[in-house]
């Protein structure tokens, strides 16, 4: 499991849930802390207004489901599937992803600060208008990803592949262009100045 920058790598578990029936069929409006959710199938199950704090999700399938105004705080996701999952105004502060799939995952708004996505395969994922301060994206596969209008201040980028990614409007102030792959990435004029300055160029 990747090292976790904030908090313990795996939160303590007080209770384990192995069937969706144990929580009433869906998680909408529920609050859980220090719970392990194991091998659940949440495919096409919509969730609104849930609060999950310091929970562990292992082998959970979130495929084709939609989440809105839901918080996953300091949670750990291990070998979970997020195929075609959408998150609208959700909070993932301090959460860690390990060995998950994110194909066609769509994130709109919300707070993903301090999230651990090191070595994650995000090539077909989309993050738009998301607060991602100090997110750990070291070694992440973001080639072809959409990362637009995000607050990525203080993010960790070393070894990330951003080939062909759409980065327009995002804060790239923490990006070392010599420590990542940027070939074909799309940036706006202001970002071009940031990148040029990081390379030691004088922009007049």
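Of note:
- Listed peptides 30-41, 12-23, 57-68 appear in the order 57-68, 30-41, 12-23 once ranked by packing, highest mean of other Cβ atoms within 10 Å at the front.
- Candidates 137, 156, 182, ranked by Gaussian network fluctuation over the chain, Cα under 10 Å, top entry: 182
- Relative contact order %, region 1-102, counting alpha carbon pairs below 8 Å whose residues are six or more apart: 22 percent
- Counted over region 59-131 with a bin width of 10 Å, the fraction of Cα pairs per bin, in whole percents, is 22, 64, 14.
- The structure-derived value of Cα extents along the principal axes in Å appears in the list [x] 81, 40, 27; [y] 62, 29, 22; [z] 58, 42, 31 under the label [y].
- Once the Cα atoms are used to define both axes, helix 189-198 deviates from the longest principal axis of the chain by about 80 degrees.
- Rel. contact order, % - alpha carbon contacts under 8 angstrom, at least six apart, the chain: 11 percent
- A crude spin-label estimate for the pair residue 134 and residue 18, with each label 7 Å from Cα along the Cβ direction, gives 3.8 nm.
None of the figures in this text is laboratory data; all of them are computed from the coordinates on show. Every value quoted in this text rests on a predicted model; they were computed, and no experiment measured them. Ideal geometry is used to build each Cβ from the backbone, glycine not excepted, and the neighbour counts take in all protein chains shown.
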